[in-house]
Amino acid sequence: MGVVETCSKYSVSTGTLYSWKKKHDSQGEAGLKVTYDTRSKELKQSEEKNRILRKLLANKEIELEIGHEHLKKSLELPIQERFI
């Protein structure tokens, strides 16, 4: 069985096979291992932390805005009505 038939059998292009062969010849088995998984995992964790922090910041900004509006309204009321 030749290269073309083997690639066809496993649905792999010959270019991909030769690319893998080149990596294997130059780096051994380490050249064929997926190297982006760990970085991708760290990136996903960082993005999740970033999303959580953005949500917390947005909530604090909303609370601060509500506090400012409440303070404005309470200062607009006459002194007698403030303490009712």
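Within the range 19-41, being open to solvent by 100 Å² or more (accessible area, probe 1.4 Å) and at pLDDT below 80 holds for Thr35, Tyr36, Arg39. Report yes if Lys44 is among the charged types (D, E, K, R), surrounded by 10 or more Cβ atoms within 10 Å (Cβ to Cβ) and at pLDDT 85 or above, otherwise no. Answer is yes for this residue. Which of the residues that make up the range 1-18 are open to solvent by less than 100 Å² (accessible area, probe 1.4 Å), in a helix (DSSP H, G or I) and hydroxyl-bearing (Ser, Thr, Tyr)? Across the range 1-18, the qualifying residues are Thr6, Ser8, Thr14, Thr16.
The values are calculated or read from the model by the stated rules, or taken from the named source; none is laboratory data. As the structure is a computational prediction, the values presented were derived from the model and not from experiment. Cβ: placed from backbone, ideal geometry, glycine included. Neighbour counts: every protein chain shown. Protein only, heavy atoms only, side chains kept; ligands, DNA and RNA dropped before computing areas. Shrake-Rupley method; radii C 1.70, N 1.55, O 1.52, S 1.80 Å.
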